[in-house]
Amino acid sequence: MDFTIISYIEILTFLVAIIFLKKRNNGLLSILLLNAAAETFFSFNNNLIEITVLYCYIHFILWFFLLFKMVNKEKALKYIIPLYSIFCLIDFLYIEGARSLNYYSFVLGTFIYVSNFIVFSFQNLKKEDFSFFLSNSYIILSSPVLFFTGMSLLFAFDTSSLFHIKIIDNVSLYVIICYFVNIIYYFLINCYIYRENRGYV
């Protein structure tokens, strides 16, 4: 069994959400449950690429739902999810296959989420709705941005050699980026949970 610090953070964050999140956010709870279950599974067996690919796909889909639902743009999902799903299927069957994580699908998922997040942010900025940027909704929607972007910067090169570049004391670039983006990711999620529990909206 190979549990890491990130593994414990993921599982603890899910438990914190279950216990302390007074205002139920089923979208977030689904994401945290998926992450905790996947991390537990991968700690026992991380050699099943198909499961990893499926996990990444579901993870993006859940974040798409949460993003577009919270900004009241759910109609766009009728186009985004089918198109993204078709690309992921083609990528898995005909492009990258089961040899490794489907990097193209991950980068595309990142582009869809981050670009729409930026568009929605600018729309609220244009309307001078500054309260949106201080809201709890903005905290939770911004939480995966750095995670998706950081991992995509690695995956965009589509080369395992980059993952093994040693930076500090034989610690690879991949490990440093993984820890950094995951810590920010779960820190923001826990900030959201804390503020919801304190009655912020």
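Values quoted throughout were computed directly from the atomic coordinates according to the rules given, and no laboratory measurement underlies them. The model shown is predicted, which means the values in this text are computed figures rather than measured ones. All Cβ positions, even for glycine, are placed from backbone atoms using ideal geometry, and neighbour counts span all protein chains on display.
In what order do F148, F65 fall by count of nearby beta-carbon atoms within 10 Å, going from fewest to most? Please list the in-between numbers first.
Values: F148 23, F65 17.
The order, fewest Cβ neighbours first, is F65, F148.
Helix 49-70 against the longest principal axis of the chain: what's the angle in degrees, Cα atoms only, rounded to the nearest 10?
It works out to around 10 degrees.
Using alpha-carbon pairs under 8 Å, 6+ residues apart, how would you state the relative contact order of the chain in percent? List each step's numbers first, then the result.
Values: 176 pairs, mean separation 48.2, N = 201.
Relative contact order of the chain: 24 percent.
In nm, to one decimal, how far is the modelled label at I49 from the one at E74, with both set 7 Å along Cα→Cβ?
3.7
Could you pull out the trypsin sites (Lys or Arg not before Pro) across the stretch 1-85 that fall in loop regions by DSSP (anything but H, G, I, E, B) with no more than 12 other Cβ atoms inside 10 Å? If you can, show how the numbers build up before the last one.
Numbers: sites: K22, K23, R24, K69, K73, K75, K78; in loops: K22, K23, R24, K73.
Listed in order of number, the matching sites are K22, K23, R24.
Taking 0.36 nm per residue of sequence separation and subtracting the Cα-Cα distance, how much length would be gained by fully extending the chain between F41 and L89, in nm to one decimal? Please list the in-between numbers first.
On the way: separation 48, 0.36 × 48 = 17.28 nm, distance 2.30 nm.
Going from the current span to full extension adds 15.0 nm.
Give me the number: length gained by fully extending V175 to L15, i.e. 0.36 nm times residue separation minus the C-alpha to C-alpha distance, one decimal in nm. It would help to have the intermediate numbers written out before the result.
Values: separation 160, 0.36 × 160 = 57.60 nm, distance 2.50 nm.
Difference between extended and current length: 55.1 nm.
How tilted is helix 77-90 with respect to the longest principal axis of the chain? Cα atoms for both, answer in degrees (0 to 90, nearest 10).
Here the helix axis deviates by roughly 0 degrees.
Specify the inter-centroid distance of the stretch 25-76 and the stretch 174-197, based on alpha-carbon positions, in whole Å.
After rounding, the separation between the Cα centres reads 15 Å.
Sorted from fewest to most neighbouring beta carbons within 10 Å, what does the list L32, L153, L93 look like?
Numbers: L32 24, L153 14, L93 10.
Ascending Cβ contact count within 10 Å gives the list L93, L153, L32.
Just from its helices, what would the mean residue ellipticity at 222 nm be for the chain, if runs of 4 or more DSSP H residues each count -39500 (n - 2.57) and the sum is divided by every residue, rounded to the nearest 500 deg cm²/dmol? Display every interim value, and only then the final one.
Details: 9 runs with 148 residues, N = 201.
Value at 222 nm, helices only: -24500 deg cm²/dmol.
With 10 angstrom as the radius, rank M151, M70 by how many other C-beta atoms surround their C-beta, starting from the fewest.
Values: M151 21, M70 18.
Neighbour counts put them in this order, fewest first: M70, M151.
Relative to the Cα centre, what is the charge dipole magnitude of the chain, using +1 at the beta carbon of each Lys and Arg, -1 at the beta carbon of each Asp and Glu, and rounding to the nearest 20 debye? Present the calculation step by step, with values, prior to reporting the outcome.
On the way: 13 positive and 12 negative charges, 164 e Å.
In debye, rounded to 20, the chain gives about 780.
Taking only Cα atoms, what is the 0 to 90° angle, nearest 10, from helix 5-20's long axis to the longest principal axis of the chain?
Helix 5-20 sits roughly 30 degrees off the main axis of the chain.
Determine Rg/Rh for the stretch 50-189; Rg is computed over alpha-carbon atoms and Rh is the Kirkwood hydrodynamic estimate from the same atoms.
1.00
Between K23 and S142, what is the label-point separation in nm under the 7 Å Cα-to-beta-carbon projection?
1.8
Given R₀ = 41 Å, FRET efficiency for E128-I58 by Cβ-Cβ distance, to 0.05?
Working: r = 37 Å, r/R0 = 0.89.
According to the calculation, E is roughly 0.65.
Using every pair of alpha-carbon atoms in the stretch 1-41, split the distances into 5 Å bins beginning at 0 and state the percent of pairs per bin, rounded to integers.
5, 26, 32, 19, 11, 5, 1
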